[in-house]
Amino acid sequence: MKSWARCILLLLLLILARGRGDVLPSVCGRSRDAGKIVGGQDAQEGQWPWQVSLWIAGEGHICGGSLIHPGWVLTAAHCFRRSQNPSFFSVKVGGLTLSLLETSITLAAVRSIFVYPSYLWEDTSSGDIALVQLETPLKPSQFTPVCLPEAQAPLTPGTLCWVTGWGSTQKRDLSSVLQELAVPLLDSEECEKMYHIPESSLSGKRFIQADMLCAGFEEGQRDSCQGDSGGPLVCVINSSWIQVGIVSWGFGCARPYRPGVYTRVPAYVDWIQRTVAENPSDICGCNSRASEAQLLVLLVLLALALPGAM
Ligand code: 4AZ
């Protein structure tokens, strides 16, 4: 076989092999600029482009979420306590408010919901993480994904990170404008100690599990809250925004000695990668089996058209 023909054949085989597993995007975590959220401030348009709002039919916003891929949203498992039926949910992408009248928003249908298999559906359970696969992947112009950390990423206490969401504020049950709040990561043992102040009958119980991460303030006042659940806690690492946490639980909001508790994302990157890879999205609007077949036909035609070259 001539060497250029071998090159073309190799290239086509490589494309075919790649099409079998879906991977997370390499361009991520880029915001246009580099605070219920209680005690936060209004975000600016385009600042948190991966932030989405999860809607349930008949009610509207129930949780936050983040885009990690054109076809995938990362959120909390407890957002699906009422239902796990994809047809009840939609994902609002883009825009700064919860209004559907905003221009430049997309309301995406949900194809499947993947709740972490060992999640126990209790208020402070481990494994509070879920993936939502969109019916049709978004176009690159519609969003920017957030980056995921490496599984071994060290999360240093004191690092200032940001949490965003449309959850309760002091004044209202939901905030109409997306709120942002800077919160320092806390040491898990310090956080555990805080949750035992004052000492009570719960002193034997462990609150902060290995797959949880605390962020916030000993004095309270500023915190994520109901309605922010499922939304991202992000930090700048090597000049990209990396999602280290998912808003999960807390005892009340913004109370002293009760910091916000987040799902520790590095503990779940393998599960995220596996779930995305095993459930390919329709990147080209066609199904991947059909595109593989098209490529195979192309290969055969090439071999027939170039008999002298083979
Ligand atoms: C909730 O109920 C909730 N202060 C979310 C976050 C926090 C507390 C409660 C953190 O969804």
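With the requirement that a residue be within 16 Å of the ligand (Cβ to nearest atom) and either surrounded by 17 or more Cβ atoms within 10 Å (Cβ to Cβ) or outside any loop (DSSP other than H, G, I, E, B) (or both), what does region 75-97 give you? Outline the logic, then answer.
Of all residues in region 75-97, those within 16 Å of the ligand (Cβ to nearest atom) come to 75-82.
Passing the criteria: T75, A76, A77, H78, C79, F80.
For region 21-43, give me the residue count where each residue is away from the ligand (no atom under 16 Å from the Cβ) and either surrounded by fewer than 21 Cβ atoms within 10 Å (Cβ to Cβ) or at pLDDT 95 or above (or both).
First, pick out the residues of region 21-43 that are away from the ligand (no atom under 16 Å from the Cβ): 21-34, 41-43.
Among the residues that remain, those that are also either surrounded by fewer than 21 Cβ atoms within 10 Å (Cβ to Cβ) or at pLDDT 95 or above (or both) are: 21, 23-34, 41-43.
Counting residues in region 21-43 that are away from the ligand (no atom under 16 Å from the Cβ) and either surrounded by fewer than 21 Cβ atoms within 10 Å (Cβ to Cβ) or at pLDDT 95 or above (or both) gives 16.
Filter region 209-237 down to residues that are of a type in the set (D, E, K, R) and farther than 18 Å from E180 by Cα and give me whichever is farthest from the ligand (Cβ to nearest atom). Steps first, please.
Residues of region 209-237 that are of a type in the set (D, E, K, R), as a first pass: 211, 218-219, 222-223, 228.
If we keep only those that are farther than 18 Å from E180 by Cα too, we end up with 211, 218-219.
Working: D211: 16, E218: 14, E219: 14 Å.
If we take residues in region 209-237 being of a type in the set (D, E, K, R) and farther than 18 Å from E180 by Cα, then D211 is farthest from the ligand (Cβ to nearest atom).
Looking for something within 13 Å of the ligand (Cβ to nearest atom), in contact with a helix residue (DSSP H, G or I) (Cβ under 9 Å, 6 or more places away or on another chain), modelled with pLDDT of 95 or more and not small (G, A, S) - is there at least one such residue anywhere in region 238-248?
Quick first cut of region 238-248, residues within 13 Å of the ligand (Cβ to nearest atom) only: 245-248.
Cutting the leftovers down to in contact with a helix residue (DSSP H, G or I) (Cβ under 9 Å, 6 or more places away or on another chain) gives us 245-246, 248.
Narrowing the set further to residues that are modelled with pLDDT of 95 or more leaves 245-246, 248.
Now narrow it down to the ones that are not small (G, A, S): 246.
So far as region 238-248 goes, yes, one or more of its residues are within 13 Å of the ligand (Cβ to nearest atom), in contact with a helix residue (DSSP H, G or I) (Cβ under 9 Å, 6 or more places away or on another chain), modelled with pLDDT of 95 or more and not small (G, A, S).
Identify, from the list L174, L131, the residue that is farther than 18 Å from L233 by Cα, modelled with pLDDT of 95 or more and in contact with a Phe, Trp or Tyr (Cβ under 9 Å, 6 or more places away or on another chain).
Values: L131 fails: farther than 18 Å from L233 by Cα.
When all the criteria are applied, what remains is L174.
Looking at R206 and the list (1) closer than 17 Å to P145 by Cβ; (2) of a type outside the set (S, T, N, Q); (3) away from the ligand (no atom under 16 Å from the Cβ); (4) assigned to a loop (DSSP other than H, G, I, E, B), which single condition is not satisfied?
(1)
Quick check: anything in region 216-231 under 28 Å from L24 (Cβ atoms) and assigned to a helix (DSSP H, G or I)?
Initially, region 216-231 is screened for residues under 28 Å from L24 (Cβ atoms), giving 224, 227-231.
From what is left, the residues that are assigned to a helix (DSSP H, G or I) are none.
Within region 216-231 (the criterion being under 28 Å from L24 (Cβ atoms) and assigned to a helix (DSSP H, G or I)), the answer is no, since none of the residues qualifies.
When only residues in region 175-220 that are acidic (D, E) and loosely packed, with under 12 Cβ neighbours inside 10 Å count, which is farthest from G252 (Cα to Cα)? Outline the logic, then answer.
From region 175-220, those acidic (D, E) are 180, 187, 189-190, 192, 199, 211, 218-219; that's our starting set.
Going one step further and asking which of them are loosely packed, with under 12 Cβ neighbours inside 10 Å, we end up with 189, 199, 219.
Details: E189: 20, E199: 18, E219: 13 Å.
Ranking the qualifying residues of region 175-220, first place goes to E189.
The values are calculated or read from the model by the stated rules, or taken from the named source; none is laboratory data. What you see is a predicted model; the values in this text were computed from it and never measured. Positions of Cβ are backbone-derived with ideal geometry, glycine not excepted, and every protein chain shown enters the neighbour counts.
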